[in-house]
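Colleague: Quick one: the structure is below, and I'll ask about it shortly.
The values are calculated or read from the model by the stated rules, or taken from the named source; none is laboratory data. Every value quoted in this text rests on a predicted model; they were computed, and no experiment measured them. With ideal geometry, Cβ positions are generated from the backbone for all residues, glycine too; neighbour counts draw on all protein chains shown.
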Amino acid sequence: MSGHSKWATIKHKKGAADAKRAKVFAKLIKQVEVAARQGGGDVDANPTLRTMYQKARDNSVPLDTIERAVKRGTGELEGVNYENIMYEGYAPHGIALMIETLSDNRNRTGSEMRSLLTKNGGSLAEPGAVSWQFERKGVLKVSKEASEDDVMMVGLDNGAEDLQDLEEIWQVICEPTDVNPLRDALEEAGIKVEESDTTMMPTNLVPIADAGDAKAILGLVELLDDHDDVQAIHSNIDLDDSILAELA
């Protein structure tokens, strides 16, 4: 199993164990609203909206709440004008971070990101300093009710690039443009997709073999994730199996 998939395992378990439901809902609703504002309210004509819409549904956001977010995005209802801002930085021990935010105040969010990073052993980087170490990919989390062979067979015919075993789920990697068609193909084959999204995947990993170092890095990531404007955090950390056992 690759280091990135180990990191994803931790995030998956952590999300299932201690997700703050109201905050998760608020972030998902904001993503739907922005997608509708940028590309229109028709999910069939706006792939990004469809992905965000489905992500919200996967996380049990009520349908009427999602629909209101779409209407705020299209201007049918009054809403806040959010801006997509990607911050690049470093956690302790040289771990690269890509921090995706949606903000209604660029100056405030930038200042708060810098403060969180510098107060916790990290630093904010200039645009481009970190992003070259990542590439945008589509990710689908698939129920293990389906066999590896079945998922692979459908996946390979519909754009899947990699299949990872995250213990509790299968994780399928593809190009961002293939997320929705691949999800459709899997579901048409009777395979349950628990969640689909796009992410920034590291091209190279930095191994961390010390539990104290890992806790410092993950502590900063958790603080960033708790910020209302932060939508996703991507890292190039590679955790040793012994560290995974301590963090489990």
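Colleague: On the given criteria, is GLY219 modelled with pLDDT under 95, of a type outside the set (Ser, Thr, Tyr) and closer than 28 Å to GLY94 by Cα? Show your work before the answer.
Modeller: On the way: modelled with pLDDT under 95: yes; of a type outside the set (Ser, Thr, Tyr): yes; closer than 28 Å to GLY94 by Cα: yes.
It is true that GLY219 is modelled with pLDDT under 95, of a type outside the set (Ser, Thr, Tyr) and closer than 28 Å to GLY94 by Cα.
Colleague: Only one of (1) of a type in the set (A, V, I, L, M, F, W, C); (2) surrounded by fewer than 18 Cβ atoms within 10 Å (Cβ to Cβ); (3) part of a strand (DSSP E or B) fails for LEU223. Which number is that?
Modeller: LEU223 satisfies every listed condition except (3).
Colleague: Then there is this: Among the residues of region 128-143, is there at least one that is surrounded by fewer than 18 Cβ atoms within 10 Å (Cβ to Cβ), more than 21 Å from MET86 (Cβ to Cβ) and at pLDDT 95 or above?
Modeller: Within region 128-143, one or more residues are surrounded by fewer than 18 Cβ atoms within 10 Å (Cβ to Cβ), more than 21 Å from MET86 (Cβ to Cβ) and at pLDDT 95 or above.
Colleague: Do the conditions hold for ILE85, that is, is it assigned to a strand (DSSP E or B), over 28 Å from GLU246 (Cβ atoms) and at pLDDT 95 or above?
Modeller: Working: assigned to a strand (DSSP E or B): yes; over 28 Å from GLU246 (Cβ atoms): yes; at pLDDT 95 or above: yes.
Spelling it out, ILE85 is indeed assigned to a strand (DSSP E or B), over 28 Å from GLU246 (Cβ atoms) and at pLDDT 95 or above.
Colleague: Looking at ALA91, ALA26, which one is touching a Ser or Thr at 6+ places or on another chain (Cβ under 8 Å) and touching a residue at least 24 places away in the same chain (Cβ under 8 Å)? Give the derivation first.
Modeller: Values: ALA26 fails: touching a Ser or Thr at 6+ places or on another chain (Cβ under 8 Å).
Result of the check over ALA91, ALA26: ALA91.
Colleague: So PRO207 passes all but one of these: (1) loosely packed, with under 14 Cβ neighbours inside 10 Å; (2) assigned to a helix (DSSP H, G or I). Which condition number does it fail?
Modeller: (2)
Colleague: Related question: Taking the options ALA160, ALA245, name whichever one is at pLDDT below 95 and of a type in the set (Gly, Ala, Ser).
Modeller: On the way: ALA160 fails: at pLDDT below 95.
From the options ALA160, ALA245, the qualifying one is ALA245.
Colleague: Hey, any hits in region 113-121 for a residue that's surrounded by fewer than 20 Cβ atoms within 10 Å (Cβ to Cβ), more than 18 Å from the chain's Cα centre (by Cα), of a type in the set (Ser, Thr, Tyr) and over 23 Å from LEU166 (Cβ atoms)?
Modeller: yes
Colleague: Which residue is nearest to ILE173 (Cα to Cα), if the candidates are limited to region 191-211 and must be touching a helix residue (DSSP H, G or I) at 6+ places or on another chain (Cβ under 6 Å) and small (Gly, Ala, Ser)?
Modeller: Among those residues, the one meeting the criterion is SER196.
Colleague: Oh, and also: Pick out the one residue from ALA214, ALA160 that is crowded, with 16+ Cβ neighbours inside 10 Å, free of Cβ contacts under 8 Å to residues at least 40 places away in the same chain and in the same structural domain as GLY121 (by TED's automatic domain parsing).
Modeller: On the way: ALA160 fails: in the same structural domain as GLY121 (by TED's automatic domain parsing).
Result: ALA214 is the single residue among ALA214, ALA160 that is crowded, with 16+ Cβ neighbours inside 10 Å, free of Cβ contacts under 8 Å to residues at least 40 places away in the same chain and in the same structural domain as GLY121 (by TED's automatic domain parsing).
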